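In what follows, a single structure is set out as structure tokens and then discussed.
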Amino acid sequence: MNIDSIKRGIVLDHIRAGRSMEIYKYLHLDELECSVAIIKNVKSNAMGRKDIIKIDEDITIDLDVLGYIDPGITVNIIEDGRIVEKKHLELPQRLVNVIRCKNPRCITSAEPGLDQIFRLADRERQVYRCIYCDTEKKKG
Amino acid sequence: MRHLIDITDFSVEEITGVLDLADKMIANPAAYRDTMHGRILATLFFEPSTRTRLSFESAMLSLGGSVLGFASADSSSAAKGESLTDTIRTVGCYADIIAMRHPKEGAPMAGSFKSSVPIINAGDGGHNHPTQTLTDLMTIRREKGRLDRMTVGLCGDLKFGRTVHSLIGAMSRYEGVEFVLISPPELRVPGYITQGLRDRGIPFCEVETMEEAMPRLDVLYMTRVQRERFFNEADYVRLKDTYILDPEKLRDAKADLSIMHPLPRVNEISVRVDDDPRAVYFKQVRNGRFVRMALITTLLEACDEH
């Protein structure tokens, strides 16, 4: 299967197979007017199978969201049909309005307009913690 | 702007500074009688309180300052649906410093984001209670002469016990402190706290009976099983009388044990223990006023410097 290469835009590579639709949703790619290609189950030497997303426009990507969903993703910035920058991600220290606190006793369940903020508590165990009530959210 | 939301917002050195100032205030209260003249403390208590609210008010009045506020959410605009952050912004126009208690965890932190004056967390749900911890630290230091090298037993509702969470956070920063966590399985300390102790290599154990821990304790910190934290009344009724400290249970305790309680108590400490010289819970109440005087002074002086 062939998807045209893009002249100027972004390619999200090394997405774990099956996670591309989740990323599509989190990054609100459905709101874009440019072409967006989701390529699933591409053969990969390193990963076996992977997903790729190609975005035919140079948009601002929320790298924190992307790093939280899958820190293994590579963000390739394309200009004049060539990769001009490769960004490797990691779990972000802080997440703002990406995940929600499930603790019914937390102030976020009662106060309108309050940002949902989590901080990375344990990188190894991939655990985040609500800054307001300390409720843990394990990634996965 | 300095706030006190979590006890670890203050370094060990800063806490020592507050405790030293509180000791000076106890020794010579007259010297501080007018130091906060013209300043206003707002006590915003969205949840009922006797000791904490009155001790804050007494503290500010003892410093020559003034006090305003409300004692329940029903008597504030929260009852009309006003958001917490709007309330805090409003009160910041009337007061120089705010002490707030709220049933929701993290409410003081949320308030601090929009506040133009220092916020003191006077208890947020079952989460934290840093000013009770200052009171507890002051009491332990005055009783023992130190805050390091001791075994601290915490007993009762360790899950929703906000005073317990803050006290562990504070005491775990001192050298040679061990914790014995005494609770039924349903009311154990939240996992994030025990994980934090594990990560930092701080010794602790979790047990279910007071008796097995008693002989090695230097401090026994009793807590109430709090009806207001349970969604299910049956669970409260089942657990409320799990631990009752009486003179018989103290038979194997050390002669210099300090028996503490943040109060109010229900049944968890028999009144027969009150006359035991090791019972220091009413000393805690007294210390609470002075340590809050020291805290208000510290936060407002930090404001003045900036």
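A short reminder: the numbers here are calculations on the coordinates, not readings from a lab. In this text the structure is predicted, and so the values were computed from the model without any measurement. Glycine also receives a Cβ, built like all others from the backbone with ideal geometry; neighbour counts cover every protein chain displayed.
Treat the count of other C-beta atoms within 10 Å as a stand-in for reagent exposure and order A:Ile99, A:Ile53 from fewest to most.
A:Ile99, A:Ile53
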Using distinct alpha-carbon pairs, which all enter the 1/r mean, Kirkwood radius of chain A in Å: 16.4
Mind listing the long-range amide H neighbours of A:Lys87? Cut-off is under 5 Å, sequence gap 5 or more, other chains count too, H placed in the peptide plane at 1.01 Å from N. A:Val75, A:Asn76, A:Ile77
For region A:94-138, Rg(Cα) over 2.2 N^0.38 Å is 1.08
Would you mind calculating the relative contact order of chain A from Cα pairs under 8 angstrom and at least 6 residues apart, reporting the percent as a whole number? 21
Roughly how crowded by other chains is peptide B:252-264, in terms of the mean Cβ count from those chains within 10 Å of each of its Cβ atoms? 0
Taking only the alpha carbons of region B:143-194, the radius of gyration and the largest Cα-Cα distance, Dmax, both in angstrom, are 11.2, 35
Could I have the simple spin-label model distance between B:Ser66 and A:Arg123, label points 7 Å from Cα toward Cβ, reported in nm to one decimal? 5.2
Each residue of region A:37-42 in turn: what ³J(HN,Hα) in whole Hz from Karplus with 6.51, -1.76, 1.60 and θ = phi - 60°, glycine and Pro shown as x? 10, 10, 10, 9, 6, 6
DSSP-assigned coil residues among GluC sites (Glu not before Pro) in region B:235-306, each with at most 14 further Cβ atoms within 10 Å: B:Glu248
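Restricting to DSSP H runs of at least four residues, report the calculated mean residue ellipticity at 222 nm for chain A, -39500 (n - 2.57) per run over all residues, nearest 500 deg cm²/dmol.
For chain A, the value works out to -2500 deg cm²/dmol.
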List the lysines whose Cα sits under 20 Å from the Cα of B:Lys249, skipping any in the same chain fewer than 8 residues away. B:Lys240
Which residues make up the longest stretch of chain A that has no GluC sites (Glu not before Pro) in a DSSP loop with at most 15 other Cβ atoms within 10 Å? A:91-123
Sticking with the crude label model, points 7 Å out along Cα→Cβ, report the distance from B:His306 to B:Arg173 in nm, one decimal please. 1.7
Tell me the GluC sites (Glu not before Pro) within region B:154-191 that lie in a loop according to DSSP and have at most 11 other beta-carbon atoms within 10 Å. B:Glu175
Against the longest principal axis of chain B, how steep is helix B:130-144, in degrees 0 to 90 to the nearest 10, with axes from Cα atoms? 50
Semi-axes (Å, rounded, descending) of the ellipsoid equivalent to chain B per its C-alpha gyration tensor are 31, 22, 18
Determine by what factor the alpha-carbon radius of gyration of region B:215-254 differs from 2.2 N^0.38 Å, reporting the quotient. 1.50
Under the Debye formula (equal points on every Cα, no solvent term), log10 I(q)/I(0) of region B:130-281 at q = 0.10, 0.17, 0.19, 0.21 Å⁻¹: -0.31, -0.96, -1.22, -1.51
Residue by residue through A:125-133, how many Cβ atoms from other chains fall within 10 Å of the Cβ on average? 4
Need the C-alpha centroid separation for region A:58-128 versus region B:228-253, integer Å. 43
Per GNM of chain B with C-alpha springs under 10 angstrom, the most fluctuating residue out of B:Thr50, B:Thr151, B:Thr131 is B:Thr50
Return the average number of partner chain Cβ atoms within 10 angstrom of each residue Cβ along peptide B:115-126. 1
Taking Cα centroids, how far is region B:184-202 from region B:30-81 in Å? 34
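Fewest Cβ neighbours within 10 Å first, please rank B:Arg292, A:Arg125, B:Arg2 accordingly.
A:Arg125, B:Arg2, B:Arg292
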Of the listed links A:Lys40/A:Lys87; A:Lys87/A:Lys137; B:Lys114/B:Lys144; A:Lys138/B:Lys159, those spanning more than 30 angstrom between alpha carbons are B:Lys114/B:Lys144
Region A:26-54 and region B:268-290 have their Cα centres apart by a whole-number Å value of 65
Cα-based reach from A:Lys139 at 17 Å (exclusive), listing lysines while leaving out same-chain residues under 8 positions away: A:Lys102
Normalised by the empirical 2.2 N^0.38 Å for globular proteins, what value does the Cα Rg of region B:179-233 take? 1.27
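Given all pairs of different Cα atoms, what value in angstroms does the Kirkwood hydrodynamic radius of the protein assembly as shown take?
Evaluated over the protein assembly as shown, this radius sits at 24.5 Å.
By the scheme Lys and Arg +1, Asp and Glu -1, what is the net charge of all other residues having a beta-carbon under 12 Å from that of B:Glu57?
+4
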Can you give me the angle between helix B:281-305 and the longest principal axis of chain B, using Cα atoms only, in degrees from 0 to 90, rounded to the nearest 10? 40
Counting other Cβ atoms within 10 Å, which chymotrypsin sites (Phe, Trp or Tyr not before Pro) in region B:229-260 have at most 12 and lie in a DSSP loop? B:Phe231
